[in-house]
1. Relative contact order of segment 133-251: what whole-number percent is it, with Cα pairs under 8 angstrom and at least 6 residues apart?
2. Tally Lys/Arg at +1 and Asp/Glu at -1 over every other residue whose Cβ is under 15 Å from the Cβ of Gly166; what's the total?
3. How much length, in nm to one decimal, is gained on full extension between Tyr90 and Asp212, taken as 0.36 nm per residue of separation minus their Cα-Cα distance?
4. Mind pulling the angle between the C-alpha long axis of helix 233-244 and the longest principal axis of the chain? Nearest 10 degrees, somewhere in 0 to 90.
5. With the dipole of segment 5-256 worked out from charges on the C-beta (+1 for Lys and Arg, -1 for Asp and Glu) around the Cα centre, which of Asn86, His69, Asn234 lies farthest toward the positive end?
6. Taking 1 over the mean of 1/r across every pair of different Cα atoms in segment 122-264, what Kirkwood radius in Å do you get?
7. For Trp209, Trp101, which order do you get if you count the other beta carbons within 10 Å of each Cβ and list the fewest first?
8. Which entries of Lys54/Lys231; Lys80/Lys236; Lys54/Lys130 show an alpha-carbon separation above 24 angstrom in the structure shown?
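Only the coordinates and a few stated rules stand behind these numbers; no lab work does. These numbers come from a predicted model, not from an experiment. Here the Cβ positions follow ideal geometry from the backbone for every residue, glycine too, while neighbour counts run over all protein chains shown.
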Amino acid sequence: MSDRLAVITGATSGIGAAYAEAFAKQGYHLLLAGRRESELGRLADRLTEQYGVKVQLQIGDLADHHDLHALVDAVTLLPKLDALVNNAGYAVDGRLGDVDWSDHQALLDVHVLATTQLTHAALPNLVRAKGILINVASVASWIPTGNSALYGPTKAFIRSLTESIGLAYRADGLKALALCPGFTITDFHSRMGLDPETFYQKKGFVRAWTADQVVEQSFKDISKGRLISVKGWNYKLLVFLVRHLPMSLLFAALGRSKSARFTK
Ligand SMILES: NC(=O)c1ccc[n+]([C@@H]2O[C@H](COP(=O)([O-])OP(=O)(O)OC[C@H]3O[C@@H](n4cnc5c(N)ncnc54)[C@H](OP(=O)(O)O)[C@@H]3O)[C@@H](O)[C@H]2O)c1
């Protein structure tokens, strides 16, 4: 058993839980963060039993500054750290003016403040270990999401931050990755009141992938030294089109679409 340690936020379900499993399978001990204590506890017990790793829990809401500082302090005080996954995240439906400021503030705190501050706290140990930093962004980081007002912009921040850190610390051996999933089968959309049975497509341009597939792809991309990971031919094509077609075409298409919503 190695003595490597991975810290994962939003580990309770979906992509975060898939990362917890993937790191445990590789023999990493874990520090898992999330709000749902009993679900996180069940996951921890299963991973300990199945893979023989030690799992520590940090329960808290990353939009709560007290809880965020408790996790930042815990990460800062770790004697060593080999991997950090900033995965906690969600979307709030609505145009900028339709949503209460407190809800916008919470999203900014979880996506922007927590990701940046936890990365800052972890960097000395991560660099020493030539470790792994995975920040979960989205294909939406390249697409205006006018009806989930801060989702695309905050994910663009996460992607850009990770690209910047990845390049700045590459010579030190840090392996940084911005994970940019398209639709992925998790609790994300059911939290928004969408029915997973009808929402997730099994084929076609918007087909959804599983969290395990997204995570497996990300480890392949890290081993190839990539800064960005996009799972699936469909989302790779989407990102290629968005990045290479004239912006005027994208804006015209989004402007014409009555929904122009990211989530619904
Ligand atoms: N599913 C998709 O289609 C998709 C696509 C692109 C990007 N993503 C991104 O992938 C990441 C993981 O989402 P998911 O799809 O796996 O959905 P999920 O199953 O809902 O997982 C979200 C995780 O974030 C945690 N979380 C949410 N708000 C939090 C808060 N205020 N404080 C602390 N933890 C919080 C949740 O844990 P607790 O509830 O226990 O706190 C949960 O473990 C997110 O950043 C999301 O934006 C998802």
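1. Once normalised by length, the contact order is 26 percent.
2. Local charge sum for Gly166: +3.
3. Length gained between Tyr90 and Asp212: 42.1 nm.
4. 70
5. Value: Asn234.
6. 16.2
7. Final ranking by Cβ density, sparse to dense: Trp101, Trp209.
8. Lys54/Lys231; Lys80/Lys236
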